[in-house]
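Reviewing the structure listed below.
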Amino acid sequence: MISSAELRRVEAFLDLPVDQIEWFLSHVQEVSVHAGEAFVRQGDPADWMFIFLEGLFQWRGEFGGDTVSLPAQAGDVSGVFPFSRMKRFTVTGRALTDGRLARFPAALLPELIQRMPALTTRLVAMMSDRIREGTRIEQQRDRLISLGKLSAGLAHELNNPASAAKRAAGQMRYTLTKMRSANSGLWRRPLDDSDKARIEEVEALLLQSEATPSQGLTLSDLEETLGSILQSYGHADSWELSAALARRNMPPDTLTSLLSHLDPSTARDALARIAASAELSTLLGTIESGTERISNLVRTINEYTNVNQGPVQNVDVARSLETTLGTLVHILQPKVKVQRAYEPVPLLVNASGTELNQVWANLIENAIDAMQGEGELRVRTFCEDHYVVVEIGDSGPGIPPEITPYIFDPFFTTKGVGEGTGLGLNTVQTIVRKFGGNIHVSSKPGDTRFQVRLPWVDPTEPCKPFDS
């Protein structure tokens, strides 16, 4: 039998009136548990509020693939609180030692709110603190997960240009060897100034930056034509040479002119030098392209994390979106088609770039999940009164109407146990509201849209989509 004195040792009940304590005690059930015994299991209906009287306890459950444990002890209150929307317990409660607890039926919470307003206020404050702390922990966890995904995606994206640059550097060594051999042959030959000028002119022609390498059938046809010309001048084993010259778009007339002015031995060394020089230029272009891609990825990551910027600043929403899309390229390719519709001039909001990137990443990843990795992702920005609007839509199956009102609630999720905590969209809403904005969703099969409205950077004037 639980006494009023024992219940008053619980801080939430400490100074409550006697009649309220007696009413509460008349409706609680006392439960004794042994060490290791579960007093409620994950998935059970959320029918009870628990007051721990003696012993040590633990809440344990799966969240987003991780096991989370929270301690509880005598004097703690947990379970279903007033105004809670929880339908089922998301964790299992278990005794760590022999102990006792009281459980109050959730069905009587509406009456408790009327009879015990002081207790209701304390319990709601307690619930708010726990949600806030849970949200903070989950946000930290989400950031770590995002960092892991970002690192994996970045490693994949960096590997391609880095490997290409490494291969090009290795091929340059071989090509330099061929060029040195060709130069050595030319230096041993008596070349007059006009021959030197012809060789330098052809080499400069192939090194022009605007020259676009041939591809496919065009490359194959040009290679065959150049090979035929070389053979007609006595260069029978010229396939490697003709291939190298074709890759740099050497005009057949230019090759014919050069061969007609040089003896066969000198022409071979001259063409080997020209081909090697052109090949080096191509390889340098590959290295330049690869390192530029790496540099752009590093800059994108830097912008995504705002390493060098203050916490709150004027943020161009289109640029912020592109930064986020750049970090998610590994999950966008190849079956997700991105449709962009940005205003032609920057739309600025005063916010934290890092937190906005978290909002965009969450909405985009949700959209990709909804489409099961295949479909159309639509990203749009526009002005509406004093707000900048960012719309992120997808061609997925849509959100069922019966759950739409609850998708921003903390801990609400449609995913299976262990697959999601239900704090993603709640975190998005929290961040958006933090900067004076709001978020709305509309959904039907093939067209789900999340619209984030953030205050235009100048609150005294309506948002202006075009320069005036």
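The values are calculated or read from the model by the stated rules, or taken from the named source; none is laboratory data. All figures in this text were calculated on a predicted structure; none of them were measured in a lab. Quick reminder, even Gly has a Cβ in these numbers, built from the backbone with ideal geometry, and neighbours come from all protein chains shown. To get the accessible areas, we keep the full protein, side chains included, count just its heavy atoms, and leave off ligands, DNA and RNA. Shrake-Rupley method; radii C 1.70, N 1.55, O 1.52, S 1.80 Å.
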Condition first: within 14 Å of Gly99 (Cα to Cα), in contact with a strand residue (DSSP E or B) (Cβ under 6 Å, 6 or more places away or on another chain) and assigned to a strand (DSSP E or B). Can you find one or more residues in the range 77-86 that meet it? no
Checking Val329 against (1) hydrophobic (A, V, I, L, M, F, W, C); (2) over 16 Å from the mean Cα position of the chain (by Cα); (3) modelled with pLDDT under 90, which test does it fail? (2)
Residue, most open to solvent (accessible area, probe 1.4 Å), within the range 233-271, restricted to residues that are of a type in the set (Gly, Ala, Ser) and over 15 Å from Asp195 (Cβ atoms): Ala236
Which residue, of Phe39, Phe63, Phe83, Phe24, is among the aromatic types (Phe, Trp, Tyr), modelled with pLDDT of 95 or more and within 29 Å of Asp409 (Cα to Cα)? Phe39
Sort out which residues of the range 44-81 are over 23 Å from Arg122 (Cβ atoms) and out of contact with any Ser or Thr (no Cβ under 8 Å at 6 or more places or on another chain), and write them in order of number. Asp44, Pro45, Glu62, Gly65, Asp66, Thr67, Val68, Ser69
If I filter the range 147-160 for residues that are modelled with pLDDT under 80, within 25 Å of Glu288 (Cβ to Cβ) and open to solvent by less than 40 Å² (accessible area, probe 1.4 Å), do I get at least one hit? yes
Residue match in the range 52-63 (condition: free of Cβ contacts under 8 Å to residues at least 60 places away in the same chain and part of a loop (DSSP other than H, G, I, E, B)): yes
So, in the range 90-116, how many residues would count as being within 45 Å of the chain's Cα centre (by Cα) and over 15 Å from His27 (Cα atoms)? 8
Scan the range 312-334 for residues that are under 13 Å from Ile364 (Cβ atoms) and small (Gly, Ala, Ser) and jot them down. Ser320, Gly326
Which residues, taken from the range 308-361, are open to solvent by less than 30 Å² (accessible area, probe 1.4 Å) and either hydroxyl-bearing (Ser, Thr, Tyr) or without any contact (Cβ under 8 Å) to a residue 12 or more places away in the chain (or both)? Ser320, Thr323, Thr324, Thr327, Ser352
For the range 17-32 the number of residues that are buried (at least 20 other Cβ atoms within 10 Å of the Cβ) and in a strand (DSSP E or B) is 0
Which members of the range 82-102 meet the condition of being within 18 Å of Leu16 (Cα to Cα) and either out of contact with any Ser or Thr (no Cβ under 9 Å at 6 or more places or on another chain) or open to solvent by 20 Å² or more (accessible area, probe 1.4 Å) (or both)? Ala102
